[in-house]
1. I'd like to verify a number: residues in the stretch 2-15 that are out of contact with any Phe, Trp or Tyr (no Cβ under 6 Å at 6 or more places or on another chain), in contact (Cβ under 8 Å) with a residue 60 or more places away in the chain and loosely packed, with under 15 Cβ neighbours inside 10 Å, how many?
2. Within the stretch 19-37, track down each residue that is farther than 21 Å from residue 60 by Cβ and at pLDDT 90 or above.
3. Pull up the stretch 29-49, narrow it to residues that are small (Gly, Ala, Ser) and in contact (Cβ under 8 Å) with a residue 12 or more places away in the chain, then point me to the one that is farthest from residue 90 (Cα to Cα).
4. Please identify the pairs in which a residue from the stretch 114-132 that is under 25 Å from residue 54 (Cβ atoms) has its Cβ atom under 6 Å from the Cβ atom of a residue that is at pLDDT 80 or above and surrounded by 12 or more Cβ atoms within 10 Å (Cβ to Cβ), counting only partners at least 6 apart or on another chain.
5. Mind listing just one residue for me: the one in the stretch 96-130 that is part of a helix (DSSP H, G or I) and among the basic types (Lys, Arg) and, of those, surrounded by the most Cβ atoms within 10 Å (Cβ to Cβ)?
6. Do you know which residues across the stretch 42-65 are of a type in the set (Lys, Arg) and either assigned to a helix (DSSP H, G or I) or farther than 25 Å from residue 20 by Cβ (or both)?
7. Based on what the data block shows, is residue 78 in a strand (DSSP E or B) and either of a type in the set (S, T, N, Q) or free of Cβ contacts under 8 Å to residues at least 60 places away in the same chain (or both)?
8. Could you list, in sequence order, the residues of the stretch 50-78 that are touching a strand residue (DSSP E or B) at 6+ places or on another chain (Cβ under 9 Å), under 22 Å from residue 93 (Cβ atoms) and not hydrophobic (A, V, I, L, M, F, W, C)?
Amino acid sequence: MPAYDPEIILADIGLAARIEAPLEEGHSGTPVWTIKTAAGERATLRVFEERERHMVDRLVTIHRTVGDTIPVPEVLAAEMWQGHPVLVLSWITGTTLQKVIYSNPSCAADLGRQFGQIQARLNSIRIPRRFPISTVRPPAI
């Protein structure tokens, strides 16, 4: 994973925020930092590879389309930085499904039904073909 300075990235994309937690590697190998916005909100900063722009465009489209229906992080910023797609996503407080099931296996069936209901709602939503990152200018945070 390349070395990035998250404070420079935040300044370059015009976000007043500070790093709250050190670098982690996201599920797809992308660098992820936990940040605190000027408004005091916790969020995540993700920097993607240049070749992932199309995937990030699609991710932004999906988050923006399903956000009123399905619990997904809000896209607070979607920018290009030195050729890399950069996302700032709101923080959703809670415990991961994996941790809940490991700590209380008896709830797995109920959680599975709830997850299935969310998946069914997700599959009923029509996703637009494209909402490119280059046209996204969300409200300042």
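The values are calculated or read from the model by the stated rules, or taken from the named source; none is laboratory data. Everything numeric here is computed off the predicted structure, so don't read it as measured data. Neighbour counts run over all protein chains shown; Cβ positions are idealised from the backbone, glycine included.
1. Of the residues in that region, 1 qualify.
2. The answer is 19, 36.
3. Out of the qualifying residues, it is 29.
4. 122/70; 125/66; 127/62; 127/65; 128/61; 131/60; 131/61; 132/57
5. Step one: list which residues in the stretch 96-130 are part of a helix (DSSP H, G or I), which gives 97-103, 105-123.
Those still in the list that are among the basic types (Lys, Arg) too: 99, 113, 121.
Working: 99: 10, 113: 10, 121: 12.
In this case the residue turns out to be 121.
6. At the first step, the residues of the stretch 42-65 found to be of a type in the set (Lys, Arg) are 42, 46, 51, 53, 58, 64.
Result: 51, 53, 58, 64.
7. no
8. 63, 64, 67, 73, 74
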